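Notes follow the structure.
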Amino acid sequence: MRVEFDEDTCIGMYQCVAEWDAFEKDKSAGKAVLTGAEEVDDGVFALEVPEGAELDAKFAARTCPVDAIVLYDDDGEQLIP
C-alpha cells in the first residue's frame, strides 16, 4: 500500500496526526508533514505504508477534511478517498 499526501491541499487541521504517527505538525507552515516521504510531484509526497500501519493510514486518509491524503493498493488502484 502506498500513501500520497498533497501538502498544498492540506489546511492544517492535523486530524491525520492524531490517527497516524507518520504525520507530524508543522506549525510554522500551518500544515501536516508526511515524515520520511519523498516528493513525487510539486507539493505531493509519497511513502510506502509500513506493514502493520495500514489501518492507521486508512484512518488518516478518511479523517482528512480536504482529501489531501490518498491511498493506493499494490496494483496502483486508488483505495481512499
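Among the residues of region 1-40, count how many are assigned to a loop (DSSP other than H, G, I, E, B) and of a type in the set (A, V, I, L, M). Reasoning before the result, please.
Applying the first criterion (assigned to a loop (DSSP other than H, G, I, E, B)) to region 1-40 yields 1, 7-14, 20-22, 27-30, 35-37.
Adding the requirement that they be of a type in the set (A, V, I, L, M) leaves 1, 11, 13, 22, 29, 37.
Total satisfying the criteria: 6.
Listed residues V44, V49, V33; which is within 12 Å of the chain's Cα centre (by Cα), modelled with pLDDT of 95 or more and farther than 17 Å from L71 by Cβ?
Result: V33 is the single residue among V44, V49, V33 that is within 12 Å of the chain's Cα centre (by Cα), modelled with pLDDT of 95 or more and farther than 17 Å from L71 by Cβ.
Mind telling me which of the residues D41, D8 ends up being touching a residue at least 24 places away in the same chain (Cβ under 8 Å) and exposed (fewer than 12 other Cβ atoms within 10 Å of the Cβ)?
D8
Could you check region 13-23 and list, in sequence order, the residues that are surrounded by 15 or more Cβ atoms within 10 Å (Cβ to Cβ) and more than 19 Å from Y72 (Cβ to Cβ)? Spell out the reasoning first.
Let us first name the residues in region 13-23 that are surrounded by 15 or more Cβ atoms within 10 Å (Cβ to Cβ), namely 13-17, 19-20, 22-23.
Those that are surrounded by 15 or more Cβ atoms within 10 Å (Cβ to Cβ) and more than 19 Å from Y72 (Cβ to Cβ): M13, Y14, Q15, V17.
If I ask for residues that are surrounded by fewer than 18 Cβ atoms within 10 Å (Cβ to Cβ), in contact (Cβ under 8 Å) with a residue 12 or more places away in the chain and either more than 14 Å from E7 (Cα to Cα) or among the hydrophobic types (A, V, I, L, M, F, W, C) (or both), which ones from region 51-75 would you list? Break it down into steps so the answer makes sense when it comes.
Applying the first criterion (surrounded by fewer than 18 Cβ atoms within 10 Å (Cβ to Cβ)) to region 51-75 yields 51-56, 59, 62-63, 65-67, 72-75.
Of the ones still in play, those that are also in contact (Cβ under 8 Å) with a residue 12 or more places away in the chain are 53-54, 56, 59, 62-63, 65-67, 72-74.
Passing the criteria: A53, E54, D56, F59, R62, T63, V66, Y72, D73, D74.
The values are calculated or read from the model by the stated rules, or taken from the named source; none is laboratory data. The shown structure was predicted, so the numbers you read here are calculated from the model rather than taken from an experiment. For neighbour counting, all protein chains shown are included, and Cβ atoms are generated from backbone atoms with ideal geometry for every residue, glycine included.
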